[in-house]
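Notes follow the structure.
The values are calculated or read from the model by the stated rules, or taken from the named source; none is laboratory data. Computed from a predicted structure; not experimentally measured. Backbone-built Cβ (ideal geometry, glycine too); neighbour counts: all protein chains shown. Just so you know, the surface numbers come from the protein's heavy atoms only, side chains and all, with ligands and any DNA or RNA stripped out. Shrake-Rupley method; radii C 1.70, N 1.55, O 1.52, S 1.80 Å.
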Amino acid sequence: MPILSQHNAFVKQQIAYYDHMAGKFRTQPDRQKLYTNVATKLRALLDDMENGAPEGLGVVQSSIGAPKQSKDYATFSEKLPANFFANPLALAPADYDGLEKDLLSELNITEGDKLDLVIVDLINAAGGMLILDKIIIGLFHLTGEKHQRVSMTARLYRMSKKNLVYSVPKRKGVYTTNVPDSDQQSLFDDLTSVGDKK
C-alpha cells in the first residue's frame with residue numbers, strides 16, 4: 001500500500017469541508033470561489049494520491065494501472081453551476097435552472113422540484129431569509145397557487161433534508177438558503193428589533 005494512500009480519508013474530509021463552505025457562501029461569489037478553488041486543488045491532490053504520485057516520492061507506479069490524469073479541474077468547475085458536485089446523488093434547483101425545455105424534458109424533474117426552485121428563488125430574492133407567511137403569500141403572487149401552512153411546512157422540511165433551505169435556529173417559521181450561523185442569527189435579531197421599533 002503506497003504511503004500516500006494512508007492520508008486519503010483526511011483529504012476527502014477536507015474536500016467535504018470546503019465544498020460545504022462553498023455552499024454556505026453561495027450568495028457571496030468571491031468567498032465561494034476561494035473555497036471552491038481549494039476544494040478543486042484537493043480533488044486534484046486526491047487524484048494524484050490514488051492514481052500515482054510524481055517520480056521521486058518513493059511510490060512505484062504500475063505500468064498496468066490506469067494512467068495518471070492531470071486535468072485542471074478549476075476551469076472545468078467554473079463552467080458548471082455553483083455547488084454542482086455538493087450532492088452527487090440528487091438534483092438541486094441550481095443544477096437545472098435556465099436549461100432549455102427540450103433538455104429539461106429529459107431530466108427526472110417533478111412539479112414538486114419546480115416548486116422547490118421557486119421557493120429557493122423567492123427566499124434568495126428576499127436576501128436569503130424569509131418567514132413562512134411571506135413564502136406562502138409570495139408563492140400565491142408568483143404562481144397563483146394557494147398553499148396550506150401545514151403542507152408548506154412539510155415541504156420546507158423535505159427541502160431542508162436536501163440542503164436547499166434551512167430553518168433559522170430558535171426562530172420558528174423562518175427559513176434561509178444559507179447554512180445558519182451566529183452571524184445570520186444576529187442579522188435576524190437586528191431585523192426583528194428594527195421592526196419592533198416602528
Exercise for the section: Between A154 and L34, with labels modelled 7 Å along Cα→Cβ, what's the label distance in nm to one decimal, could you check? Expected result: 4.3
Handout entry: Per residue accessible area of segment 105-171, 1.4 Å probe, in Å²
Key = 63
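What does the charge add up to near R26, with Lys and Arg as +1, Asp and Glu as -1, over the other residues with Cβ less than 12 Å from its Cβ?
Working: positive: K24, R31, K33; negative: D19, D30.
Within the 12 Å Cβ shell, the charges total +1.
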